1. Students often check this: by mean Cβ neighbours within 10 Å, which of 158-166, 283-291 ranks highest, and how do the rest follow?
2. Write down the Å³ per residue value for the convex hull defined by the alpha carbon atoms of the range 58-190.
3. Taking the range 1-91 on its own, what percent of its Cα-Cα pair distances exceed 17 Å?
4. Roughly how far apart, in whole Å, are the Cα centres of the range 535-552 and the range 180-204?
5. Label-point separation (nm) for R83 and E547, each offset 7 Å from Cα along Cα-to-Cβ?
6. Using a 1.4 Å probe over the heavy atoms of the protein chains, calculate the carbon and sulfur portion of the accessible area of the chain as a whole percent.
7. If I model a spin label at R306 and T332 as a point 7 Å from the Cα along the Cα→Cβ vector, what separation in nanometres do I get?
8. Just in the range 23-120: which GluC sites (Glu not before Pro) are loop by DSSP and have at most 10 other Cβ atoms within 10 Å?
Amino acid sequence: MRAWEWGALLVILTVAGFLRLQQPGVVEYRRDEANLSRLALEMARGESVPLLGIGSSIGVPNPPFSVWVFALPYALFGNDPVRVTQFVAVLGLLAVLLLFLFARRWWGPATAVVAALLFATNPWAVIWSRKIWAQDVIPFFVLLTLGVGVLGFLEKRRWAQALFLPLLSVTGQIYYATFVLVPAAAYLVWAGRKHLGRPFWIGVGVTVLSVVPFAVGAAKAWGELPAGVAEAHLEERAAEHEAALSADVLLRLRDTWGGSGARDFVGGEVGERVLDSAPDGEGVFLAVGVLALLACAWVVVWACRRGAAPLDRMIALWVIVTPLVYAVTWTTVWIHYMIPALPAGFLALGILVGRLRARPALALGMLVLIGLSGLHVWSQTSMLGFVGRYTTPGGFGVPLGMRMAVRDEVLARVPRRAVVVAEGDDVIEDSEAAIWDVLLSGAKDVSIVPYTLRLMPAGQHIVLDVPLGCDGAATFKMRAVHGIAGPPRYVETCYQVRTQSPSEHPQQGLTVTDTSTFACGARVTAFRWDEATDTLELRWHVEGPHEGLFFVECRLLDATGRERARLEGRLPRGRHWRSGDLLGCIAMLPREQLPGGPAIDPRTIEIRLFRRLKRTGLEEHHGVGLKDDPSKTEVVLEIP
């Protein structure tokens, strides 16, 4: 390469690295990122080798390669999601380098500079390089796969023929949407069919072996589903999307290649209002997106002419398959489905600019490109600066860096037991529960309970409120943006980390009782019935841990023994129980469901306990008998 090309490449990589690696703590970390991290951590620690990934937006599990890719940085850095996110950013930076090398080799330096600079600064390309998400590593693998394919089948490199199909298999198993590459890949093999050698067939065998783990995992998961569940799910998905032609995919591609709409991830209309310090380039971004669509159309038309080069036809297949596949509404067209085609649009623009013969036109195009890149850098830096200071409910949310500060505070207090109080306690489905289950996996003993329940350990322990009030020690504050109409309102919100002793557990107003113990070791020790609010509070002394979920059924009886109401509640998950813990269960009875009218006046409460287990894909419900007499399933409380 000439000196100016090296200089251009250095500038492009510097800008790309700055945008992807700046403010490393200001990244998203939610349920999907946590679930993917959990599986990758388990693999990195040698605890398991997953045969399936996390669930996908189409309702089926992803293949395991998405987990295996992230197991590498977790093995290198431990449970440090900030560094793992930087690993993703480095792959994004390498993707920019691959696009530059790919474009320069076959179309020249002008095409390479245009395509790589657009890729380096595009807002969506940057966003999709800054979190622990399987989709975020796809541009690197797409460019690596297609580049190897061109070397193998158009330039007859045997080592590349051996690697091509295994790389294609890995790319497809990281993210389902990469199936749009199959036509381009098939064309490359067909174009080089006369030069296929033994390395290619060795690659075929390796490819078949690479699919075996996913096939085994999928077959096992499918076999564990109850009869008819899978078919019903597929029918439901089909009913949600009536087949019709739609131009939504063209709009998504326009936004993706132009960079428009990227502010939406900050928080929709709130994001538009709070980023006044950033330049508003949406009109320019839309124009670039439209130009990219036109460039792709030109590439397709150019490839259809007689005598077109095989490489031109491969690029045309790369850019045309995505809009063709999603032109029919068989699924919701999310913008991240465009990621496999992301580099293709920039390459098409680069090819178009590179064919400009007049030097003034080429120079003008480069100046416009530099101005556009500067606008992207300014806008994105301002955006990251904002979401790093303020929470945006319904948008970007709490950045990972703040969560890491909270985690460090909790881990600094180990080996005490930690109790996380969050909105939910399902570590797969509930976002905060999933996040803290992974971030605090290095702690000795962590329990997660929802706001509506209580878990009170027997000894001194740490409590993390996610989030509650800002009083007390060790609070971590951010300013939360609320409201759209009128001027923005800012209110303080925070996580709170505090140390609590058993003596601080409130006992006022509870009636102490001594009942028989259930077989699982749970025993009611106190209760309170509040007629004014129809609220029943139960305190339990438990032993544990136990498998499954425990549900409580309370029958409220009047003085004559007639049932006046029935309450169904639940306890914290059995896996969080420890011997000597106190559990709190509070429930409110809706008046419209009471058989005896507004006045209940219960005199006796019969309490039963049920355990729900999930085995081989089925939920099993079992009544829990008493420890001393398994034939009995209830304890009785007398209301004074």
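1. Ranked by mean Cβ neighbours within 10 Å, highest first: 158-166, 283-291.
2. Taking the convex hull of the Cα positions in the range 58-190, it is 120 Å³ per residue.
3. 58
4. 60
5. Label at R83, label at E547, 3.6 nm between them.
6. Within the chain, the accessible surface is 61 percent carbon and sulfur.
7. Calculated label separation equals 4.9 nm.
8. Listed in order of number, the matching sites are E47.
The values are calculated or read from the model by the stated rules, or taken from the named source; none is laboratory data. Note that the structure is a prediction, hence the values are computed from the model and not measured. All Cβ positions, even for glycine, are placed from backbone atoms using ideal geometry, and neighbour counts span all protein chains on display. Quick note on the areas: whole protein, heavy atoms, side chains included, nothing else; ligands and nucleic acids left out. Shrake-Rupley method; radii C 1.70, N 1.55, O 1.52, S 1.80 Å.
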